[in-house]
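Below: one structure, written as structure tokens.
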Amino acid sequence: MQVDFGNVQAPVVHVYRLPLSRHLLFRLGDGGVGGARAFLRRLTPDVTMADVRLGPTSDDLVNVGITYNGLAALGVDRALLDAFDSTYQQGPRALPLGDIPGSPSDPATWWEGQFPTADVHCIVHIYARSEARLDATTAKVRGYAQRAGVRELAPRKDGTVLDGRSLGGGKLHFGYTDGISHPDIGWDDAPESQARVNFRKFLLGYATPEHGSAPRTGPAADLVRDSTYAAFRWVYQDVAAFNRFLRSEAPPLFPRLAPADAEERLAAKLMGRWRDGTPLVLSPDRPDPTLARRNDFAYATADPDGHRCPFSAHIRVVDPRDSTLDPVAAASGVPRVLRRGMPYGPELASARDDGVDRGLIGLFLCADLRLQIYTLAGWIKQNDFSPVYNANRRVQDALVANRAVPGADHSFTIPARDGGVTVASLPDFVRTKGTAFLLLPSKSMLQRLTAAA
């Protein structure tokens, strides 16, 4: 068999290269089931499917994700709803995500306190090349909502929406190059390999004993076929704190280097790549433009002691590649997700914090939220999934973990042949501002959801 791209929303297959995005949040229930369906019915022809031909003039790409509460507001039969992934039904939970209550990432503070996460029923994602086109498509979507009696939610206290904006060159706010690592997906039933990931890890409705997902069988599985789950994450990045950390910690750690070079070395050790994308495993001493897009490297034989890429470096935590895994903590192997994201907010223009909100808005696509999203989040908050951490299984991802996790060790060891060095205490570099678990319905599912009652 071959997956029908015309039935799959485009982000599952494509990485968009448009410089602007906008994410509109809606509550569907206020206009009743009829209003919710009318809104989605008007929106459906605008939704971009994976058979789109993307090019330098592509514009106004639109996608839609619906929460479990959103499906209920659309009047989906209870028997069908009960068959969905239980993690999707529950919605995002604080502890599995590492968003510890009482910390700056506490879910009680999400959406800047404007509404509870349970009120988020639908998110419409718009991508464009210009502000004018972005505003025009926004106005069209808002018109659909107003005519259907659907209420838009304002996730910021100042009433503004969530807009993403490219910083240019694929850069993120911490200076790293993004968009390098994407799994090679087999869209048919050809044999899976270490380098080629089966499409069932991302698409619903094709469950097998080897690749499970829910709904697994029956009418619910037929309904969701070619849909995908997604974790929508709004994450603030404390760029000023990150820069202060590099300035204060790097020179003592690497005294033989000039201060600027020491900062770049420490930034690379935190991520596992130099900021231009060069993998430390392939070039441990300096960035190499010829290697900046390389993703064909491993750890078990090339860097078994972490002398090149530290064990708690971000990319080694979220994708340990060929590393030996703990049979309990990593019983299902390395989780694979499709990451689609864009920075938001302006670049920090000075050495001091300007108080402006900036960070990343991301969609993380998968077929099993618990096994893929929660497993990765668990590895980030506590590195206990491989024997390489046997000396200390309380350490965390060096870059994105929440230091408020109970019992966590905040140190960061950079191994080396001469014994290496250790950062005594890592600060928080990021905090979560909002999370929703979505279903990106297939075209056929959208059509069924919007049919008259």
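Read-outs throughout are calculated quantities, based only on the coordinates presented, and are distinct from any laboratory measurement. Keep in mind that what you see is a predicted model, and the values were worked out from it rather than measured. Cβ coordinates were reconstructed from backbone atoms using ideal geometry, including for glycine residues, and neighbour counts include every protein chain displayed.
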- [ ] Place a label point 7 angstrom from the Cα of Ala424 along the Cα-to-Cβ direction, then list the residues of the stretch 382-410 whose backbone nitrogen is under 15 Å away.
- [x] 410
Task: Highest-first arrangement of 22-35, 359-372, where packing means the average Cβ count within 10 Å - done: 359-372, 22-35
Open item on the list: Using Cβ contacts closer than 10 Å as the measure, can you line up Ile126, Ile100, Ile180 from fewest to most?
Closed with: Ile180, Ile100, Ile126
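Counting Lys and Arg as +1 and Asp and Glu as -1, each charge on the Cβ, what is the dipole of the stretch 25-74 about the Cα centre in debye, to the nearest 20?
Dipole size: approximately 200 debye.
Quick check on the exposure proxy: order Glu112, Glu131 from fewest to most C-beta atoms within 10 angstrom.
With the fewest neighbours first, Glu112, Glu131 line up as Glu131, Glu112.
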- [ ] Let me have the 222 nm mean residue ellipticity of the chain computed from DSSP H runs of 4+ only, each contributing -39500 (n - 2.57), with the sum over all residues rounded to the nearest 500.
- [x] -6500 deg cm²/dmol
Task: Of every Cα-Cα pair in the stretch 328-453, the percent that sits beyond 19 Å - done: 65 percent
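How big is D, in µm² s⁻¹, for the stretch 373-442 by Stokes-Einstein at 10 °C and 1.306 mPa s if Rh is the Kirkwood radius over C-alpha pairs?
Values: Rh = 13.8 Å.
D = 115 µm²/s.
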Open item on the list: To check you understand DSSP bridge types, tell me what percent of the beta bridges within the chain (both residues inside) are antiparallel, rounded to 5.
Closed with: 90 percent
Task: Inter-part distance where the stretch 164-235 and the stretch 2-32 are each reduced to a Cα centre, Å - done: 13 Å
- [ ] Give, in nm to one decimal, the length gained when the segment between Val197 and Thr217 is fully stretched (0.36 nm per residue of separation minus the Cα-Cα distance).
- [x] 5.0 nm
TODO: Bin width 20 Å, alpha-carbon pairs only: give the P(r) of the chain as whole percents, running from 0 to the bin holding the largest distance.
DONE: 25, 58, 17, 0
Task: Two-site label geometry, Arg78 and Ala329: point separation in nm, points 7 Å out along Cα→Cβ - done: 4.2 nm
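Using Cα pairs under 8 angstrom and six or more residues apart, how large is the relative contact order of the chain, in percent?
Once divided by the residue count of the chain, the mean separation gives 24 percent.
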Task: Extension reserve of the Lys157-Ala349 stretch, reckoned as 0.36 nm per residue once the Cα distance is removed - done: 66.7 nm
TODO: Report the Stokes-Einstein translational diffusion coefficient (µm² s⁻¹, integer) for the stretch 19-113, Rh taken as the Kirkwood radius over Cα pairs, at 37 °C with viscosity 0.692 mPa s.
DONE: 201 µm²/s
Open item on the list: For the stretch 276-345, report the % of Cα-Cα distances exceeding 15 Å.
Closed with: 61 percent
- [ ] Give the residue from Tyr389, Ile180, Gly34 lying farthest towards the positive end of the charge dipole for the chain; charges sit on Cβ (+1 for Lys and Arg, -1 for Asp and Glu) and the dipole is referred to the Cα centre.
- [x] Gly34
TODO: Determine, for the chain, the count of lysine pairs separated by eight or more sequence positions (or lying on different chains) whose alpha-carbon distance falls under 19 Å.
DONE: 4
Task: Most to least packed among 393-400, 330-337 [average Cβ atoms within 10 Å] - done: 393-400, 330-337
- [ ] Note down the nm distance, to one decimal, between modelled labels 7 Å out along Cα→Cβ at Arg417 and at Gln146.
- [x] 6.9 nm
